Amino acid sequence: AQSVTQLDSHVSVSEGTPVLLRCNYSSSYSPSLFWYVQHPNKGLQLLLKYTSAATLVKGINGFEAEFKKSETSFHLTKPSAHMSDAAEYFCVVSDGGGFKTIFGAGTRLFVKA
Amino acid sequence: NAGVTQTPKFRILKIGQSMTLQCTQDMNHNYMYWYRQDPGMGLKLIYYSVGAGITDKGEVPNGYNVSRSTTEDFPLRLELAAPSQTSVYFCASRQGPTGGSGSYNSPLHFGNGTRLTVT
């Protein structure tokens with residue numbers, strides 16, 4: 001069975017500073033990993049996905065994530081936060097067959113001016 | 001491009017009433033999912049389906065039922081509504097494995113959600 005843990009429920013950064021949102025996973029199979037973003041009262045948007053072709057994955061809006069198998073982590077980063085990045089971010093894991101797809105509890109990102 | 005369509009968008013139920021949340025997708029995806037999202041929380045998987053006629057329980061299936069008679073439709077049934085089922089419900093679909101590379105990594109496509117209140 002797979003599971004996903006987002007290590008921080010809230011993260012607060014100043015505009016222009018780096019963002020780090022942490023995610024650890026467990027999976028019995030080679031996992032599929034994703035990050036989704038949800039802006040207030042909006043739907044969910046895919047930020048990026050791990051494809052196994054490269055451990056460093058680039059997504060939209062300047063976000064990227066690094067898959068580290070030894071640490072079972074898939075942390076999301078961005079070099080410089082923008083006010084528009086304030087949202088809820090979800091780390092998602094699918095099992096090897098892509099059947100069950102489980103969400104982490106989410107990390108709310110606050111960006112201060 | 002309709003994508004994933006959920007109806008209704010809002011609904012208020014009394015305790016003990018029943019209802020069906022509708023979900024349909026026009027992308028010919030074989031995998032479909034129902035999630036619930038409580039305020040300030042992540043999404044919890046209720047049920048999922050990997051194809052017509054095949055469904056399975058997710059993390060929080062109690063109080064719900066599903067069916068998948070066609071590829072397009074995946075309705076979620078609440079038989080005896082309880083206040084604990086007050087939530088926002090999201091339906092999602094994705095392309096399941098087709099044998100090609102990257103088929104396990106297809107992203108989820110979400111509907112716009114149904115906000116359900118049980119009083």
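The values are calculated or read from the model by the stated rules, or taken from the named source; none is laboratory data. Quantities reported herein were computed from a predicted structural model and do not represent experimental measurements. Glycine also receives a Cβ, built like all others from the backbone with ideal geometry; neighbour counts cover every protein chain displayed.
Key figures for this structure:
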read-out	value
Residues within segment A:35-53 that are closer than 30 Å to residue B:10 by Cβ, surrounded by fewer than 18 Cβ atoms within 10 Å (Cβ to Cβ) and not basic (Lys, Arg), tallied	6
Checking residue B:57 against (1) at pLDDT below 90; (2) at the interface with chain A (Cβ under 10 Å from one of its Cβ atoms); (3) surrounded by fewer than 16 Cβ atoms within 10 Å (Cβ to Cβ), the condition it does not meet	(1)
Lone qualifier among B:66, B:60, B:118 - being more than 28 Å from residue A:54 (Cβ to Cβ) and touching a Pro at 6+ places or on another chain (Cβ under 6 Å)	B:118
Residue match in segment A:11-34 (condition: more than 14 Å from every other protein chain (Cβ to nearest Cβ), over 12 Å from the mean Cα position of the chain (by Cα), surrounded by fewer than 16 Cβ atoms within 10 Å (Cβ to Cβ) and among the β-branched types (Val, Ile, Thr))	yes
Unique residue being of a type in the set (A, V, I, L, M, F, W, C), closer than 20 Å to residue B:4 by Cα and either within 14 Å of chain A (Cβ to nearest Cβ) or buried (at least 18 other Cβ atoms within 10 Å of the Cβ) (or both) when the list is B:66, B:118	B:66
Residue selected from segment A:43-93 under the condition in contact with a Pro (Cβ under 6 Å, 6 or more places away or on another chain) and of a type in the set (A, V, I, L, M), by the criterion farthest from the other protein chains (Cβ to nearest Cβ)	A:93
Residue list for segment B:4-19, restricted to those being surrounded by fewer than 13 Cβ atoms within 10 Å (Cβ to Cβ), out of contact with any helix residue (DSSP H, G or I) (no Cβ under 7 Å at 6 or more places or on another chain) and of a type outside the set (Ser, Thr, Tyr)	B:8, B:9, B:10, B:12, B:14, B:16
For residue B:47: the one exception among (1) crowded, with 17+ Cβ neighbours inside 10 Å; (2) in contact (Cβ under 8 Å) with a residue 40 or more places away in the chain	(2)
Search result, residues across segment B:37-54 that are within 11 Å of chain A (Cβ to nearest Cβ) and within 13 Å of the chain's Cα centre (by Cα)	B:37, B:43, B:44, B:45, B:47, B:48, B:49, B:50
Hey, residue A:74 in contact (Cβ under 8 Å) with a residue 24 or more places away in the chain, buried (at least 19 other Cβ atoms within 10 Å of the Cβ), closer than 25 Å to residue B:112 by Cα and touching a strand residue (DSSP E or B) at 6+ places or on another chain (Cβ under 6 Å) or not	no
All positions within segment B:1-55 that are assigned to a loop (DSSP other than H, G, I, E, B), closer than 23 Å to residue A:41 by Cβ and hydrophobic (A, V, I, L, M, F, W, C)	B:2, B:41
Segment A:38-67, residues that are within 13 Å of residue B:107 (Cα to Cα) and hydrophobic (A, V, I, L, M, F, W, C)	A:44, A:46, A:47, A:48
